[in-house]
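The values are calculated or read from the model by the stated rules, or taken from the named source; none is laboratory data. Values in this document were obtained by computation on a predicted structure and should not be read as measured data. Backbone-built Cβ (ideal geometry, glycine too); neighbour counts: all protein chains shown.
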Amino acid sequence: MEIVVCIKPVPEPETRLRAAPDGRILDPEGVKYVLTGYDESAVEQALLLKESVPGSKVRAVSFGPSPRAEETLRAAVALGCDSATWIDSGAEPSPDPVDVARALAGTLRSLPHDLVLCGKQAGDDEAGLVAGALGELLGVPDFGYVVDLRWDAARSVFTFHRMTETLQESWEAPGPLVIGLQQAWNDPRTAKLPAILKSRKAPIDKVPVPAPDAHASRSRATTFALPPPRAGAKLIEYKTPEEAAERLVKVLREEAKVFP
Amino acid sequence: MPDFSLTPEQESLRDLARKFARTEMAPHAAEADRTARFPEEIYRKAYDLGLTNLNVPTEYGGSGLGALDQCLIVEELAHACGGMTTSIIANCLALEPILLGGTPEQKARFLTPFCAQYGLASFALTEPSGGSDAGALRTRARREGDHYVLDGEKCFITNAPHAGLYTVFATVDPERRHKGITAFVVSRSTEGVLPGKDEEKMGHRASSTGTIRFEGAKVPVANRLGEEGEGFSLAMRTLDQTRTPIGALATGIAQAALDHAAAYSLKRQSFGKPIAQHQAIQIKLANMVQAIHAARLLTWHAAWTIDQGARGTLESSIAKCFASDAAFAVADEAIQTFGGYGYMKDYPVEKLLRDAKLTQIYEGANEIQRSVIARELLRAYE
């Protein structure tokens, strides 16, 4: 089985973000980009399938500039992906998720794929559009919010669940498919030190961005801003636990209006 | 100009250690400290990721890292817990005499099976009657045919109650002082090898420290590292290699202390503003970051010197001595920044002072480091 897992380099969660000087996009200066969150779960899912279906291969694919896309791909190789394809965006890429899906789809057309895995959304912009757009562009079914994808060899179908806060569904479908994975349901593994060192020397296939098709995006990000800082917490002063409870209830009722 | 940038390989090693420290070690650091629990499940995970036998070449199943690479990892681990880090890197110390003094046959016989599965090893030099004066050690090794018989006692041995393999320094003739000391690789399963119980310690409480008694323990001649009388030199060359990571360990403790103190100073209000806006606290933070920066650079320089193939005695002594003194001073100032809360066990900084203290004592007390530094220094003027 040929499995492709699409991964996005996103800023390390503890990074202090700021707008670029032109105010349009996130300033990449000094930002460390990593494989994280939903995409880690997607890589873990790819590796679990590889381990359960003999003869499977996993290829990681990432779209972006140097060095962040290449670094993220090496992290995926250190985890156990067999090969890696870097779609070199050159300069700072368009943040439009559909542009990203176009670059991925154009590249995937010339790569074997029985299954395409993504995080259900990116860990930074949380747009959640790439998997869906990729399915459309490749002309194959796509599903998001997926957990526990398995291959039923006897019936040649994939089985999986869709898990959201409000529902759980079970599905089955033959490949090829595009799947957006939920986060952290599968306890993603940590790369081992020897694998990390080996991944530094692994070949990364660098390919150009596919030529835009007739429907190339005409979108353009205009501003990037961080959410305003949250208001400070309210401290309740008290002398006895009873007084603390009484004052807390009063604040919850009259100020927060949590209940009448 | 020298280049202080790390390679992508080194960045990724540091990332691995940082992730392990934050996700596996830090959440258990306070509890293991409070209960003096030896969290062996964490050490097992460290082994699985390749973080325990850092200095052993890959051909024997280790991670094959140089000194600077080791230091980058050790600093990150120590940021989460100094005690756990001591137990995680104790194998490097215990196995270094085999790397430096073992024949190819001995390396293959001892290191390959040891590294193939989770296991701990201990470096057994210190004795109840003396640590720094290693030439005066009393544990006897008497040659009887094709083996030696060991009698005596070692103390303050990291991981001793849990280790399966010991590198032991004993004397074939106490009259010969340094020239009688001989190194042996001893399996814990040897009859007459009696590890004692865990010591109750001030800090590094997630680490295990104990005695090992030898009562007529028979060790094959084939387990002797080098010739009779070469043990003292082997021990000193080992410590030249492993002292620098202690500088990194101390730097990690100091960085953790600063991180706690700086974050607290921005939150804690006094006289109507965060204490970080008071000059008294700003001066503390500025002094702390200077000490840490200097400790880290001295450690990196010592590691770089060793990676160039030099012995690095002076550089590693300076790094270990400076960084450990800095760690103690920075942890002290972190407690002072926290005020009364800093003295409470519910807050994380008092542990850092207790953990920092040991770095001034073990792997050569700082008094010995200073005498080594002075000796190396004066040699240049003689």
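State the number of residues belonging to segment B:184-231 that are buried (at least 19 other Cβ atoms within 10 Å of the Cβ), touching a helix residue (DSSP H, G or I) at 6+ places or on another chain (Cβ under 6 Å), under 26 Å from B:L100 (Cβ atoms) and not polar (S, T, N, Q).
4
For the subset of segment A:43-97 comprising residues that are in a helix (DSSP H, G or I) and of a type in the set (D, E), which member is nearest to the other protein chains (Cβ to nearest Cβ)?
Out of the qualifying residues, it is A:E71.
Take the residues in segment B:56-101 that are of a type in the set (S, T, N, Q) and farther than 17 Å from B:G309 by Cα; name whichever of them is nearest to the other protein chains (Cβ to nearest Cβ).
If we take residues in segment B:56-101 being of a type in the set (S, T, N, Q) and farther than 17 Å from B:G309 by Cα, then B:S63 is nearest to the other protein chains (Cβ to nearest Cβ).
Among the residues of segment B:171-195, count how many are part of a strand (DSSP E or B) and either in contact with a Phe, Trp or Tyr (Cβ under 7 Å, 6 or more places away or on another chain) or aromatic (F, W, Y) (or both).
Residues that pass the stated criteria total 6.
Mind telling me which of the residues A:V116, A:V100 ends up being under 14 Å from the mean Cα position of the chain (by Cα) and in a helix (DSSP H, G or I)?
A:V100
Only one residue in A:A191, A:A195, A:A173 is touching a Phe, Trp or Tyr at 6+ places or on another chain (Cβ under 8 Å) and at pLDDT 90 or above. Which one?
Just a single option satisfies the conditions, and that option is A:A173.
Does any residue of segment B:64-87 turn out to be surrounded by 22 or more Cβ atoms within 10 Å (Cβ to Cβ), free of Cβ contacts under 8 Å to residues at least 24 places away in the same chain and within 23 Å of A:T36 (Cα to Cα)?
Within segment B:64-87, not a single residue is surrounded by 22 or more Cβ atoms within 10 Å (Cβ to Cβ), free of Cβ contacts under 8 Å to residues at least 24 places away in the same chain and within 23 Å of A:T36 (Cα to Cα).
State the number of residues belonging to segment A:163-199 that are away from every other protein chain (no Cβ under 14 Å), aliphatic (A, V, I, L, M) and over 22 Å from the mean Cα position of the chain (by Cα).
Residues meeting the conditions: 1.
Out of (1) touching a Leu at 6+ places or on another chain (Cβ under 8 Å); (2) under 12 Å from B:L68 (Cβ atoms), what's the single condition that is false for B:I318?
That leaves (2) as the condition not met.
Within segment B:306-353, can you find the residues that are among the hydroxyl-bearing types (S, T, Y) and assigned to a helix (DSSP H, G or I)?
Of everything in segment B:306-353, those that are among the hydroxyl-bearing types (S, T, Y) and assigned to a helix (DSSP H, G or I) turn out to be B:T313, B:S316, B:S317, B:S324, B:T337, B:Y341, B:Y343.
In the list A:P9, A:P93, which residue meets the criterion of being crowded, with 22+ Cβ neighbours inside 10 Å and of a type outside the set (F, W, Y)?
A:P9
Collect the residues in segment B:146-180 that are closer than 20 Å to B:T242 by Cα and buried (at least 20 other Cβ atoms within 10 Å of the Cβ), keeping them in residue-number order.
Those that are closer than 20 Å to B:T242 by Cα and buried (at least 20 other Cβ atoms within 10 Å of the Cβ): B:K154, B:I157, B:T158, B:N159, B:A160, B:A163, B:L165, B:Y166, B:T167, B:V168, B:F169.
Can you name the number of the only condition in (1) within 14 Å of chain B (Cβ to nearest Cβ); (2) farther than 30 Å from B:G61 by Cβ; (3) surrounded by 12 or more Cβ atoms within 10 Å (Cβ to Cβ) that A:V209 fails?
Only one criterion is unmet by A:V209, namely (1).
Given the residues A:L181, A:L226, which is the only one that is at pLDDT below 95 and either closer than 25 Å to A:I87 by Cβ or in contact with a helix residue (DSSP H, G or I) (Cβ under 7 Å, 6 or more places away or on another chain) (or both)?
Unique residue meeting the criteria: A:L181.
Counting just the residues of segment A:186-237 that are β-branched (V, I, T) and in contact with a Leu (Cβ under 7 Å, 6 or more places away or on another chain), which one comes out nearest to A:V147 (Cα to Cα)?
Within segment A:186-237, the match that is nearest to A:V147 (Cα to Cα) is A:T190.
Which numbered condition in (1) part of a loop (DSSP other than H, G, I, E, B); (2) surrounded by fewer than 17 Cβ atoms within 10 Å (Cβ to Cβ) is the only one that B:T112 fails?
Failing condition for B:T112: (1).
Output the strands (runs of 3 or more DSSP E) that fall wholly within segment A:121-234 and possess 1 or more residues being in contact with a Gly (Cβ under 8 Å, 6 or more places away or on another chain), of a type in the set (K, R) and farther than 29 Å from B:S12 by Cβ, or say none.
The qualifying strands (runs of 3 or more DSSP E) are A:157-163.
Go through segment A:103-128 and report how many residues are of a type in the set (A, V, I, L, M), under 18 Å from A:V147 (Cα atoms) and either surrounded by fewer than 23 Cβ atoms within 10 Å (Cβ to Cβ) or modelled with pLDDT of 95 or more (or both).
Qualifying residue count for the region: 3.
Only residues that are facing another protein chain (nearest Cβ under 10 Å) and farther than 23 Å from B:A163 by Cα: list them for segment B:23-38, please.
B:T23
Looking only at segment B:115-138, filter to residues that are over 17 Å from B:K154 (Cβ atoms) and among the hydrophobic types (A, V, I, L, M, F, W, C); which one of those is surrounded by the fewest Cβ atoms within 10 Å (Cβ to Cβ)?
Checking each candidate, the answer is B:A116.
Does A:A244 fit the bill of being of a type in the set (A, V, I, L, M, F, W, C), more than 30 Å from A:D27 (Cα to Cα) and outside the structural domain of A:A60 (by TED's automatic domain parsing)?
So A:A244 fits the description; yes.
Search segment B:39-55 for residues being in contact with a helix residue (DSSP H, G or I) (Cβ under 7 Å, 6 or more places away or on another chain) and away from chain A (no Cβ under 12 Å), and hand back the single one that is nearest to B:I98 (Cα to Cα).
B:N55
Condition first: surrounded by 15 or more Cβ atoms within 10 Å (Cβ to Cβ) and aliphatic (A, V, I, L, M). Now tell me which residues in segment A:132-156 satisfy that.
Matches in segment A:132-156: A:A133, A:L134, A:L137, A:L138, A:V140, A:V146, A:V147, A:L149.
In segment B:196-239, which residues are assigned to a helix (DSSP H, G or I) and either among the aromatic types (F, W, Y) or at positive phi (or both)?
B:F232
Restricting attention to segment B:1-47, and to residues there that are surrounded by 13 or more Cβ atoms within 10 Å (Cβ to Cβ) and outside any helix (DSSP H, G or I), which single residue is modelled with the lowest pLDDT?
Per the criteria, the residue is B:L6.
Give the residue that is modelled with the highest pLDDT, with candidates limited to residues of segment A:1-37 that are within 13 Å of A:E71 (Cα to Cα) and in contact with a Leu (Cβ under 7 Å, 6 or more places away or on another chain).
Restricting to residues being within 13 Å of A:E71 (Cα to Cα) and in contact with a Leu (Cβ under 7 Å, 6 or more places away or on another chain), the top hit is A:I7.
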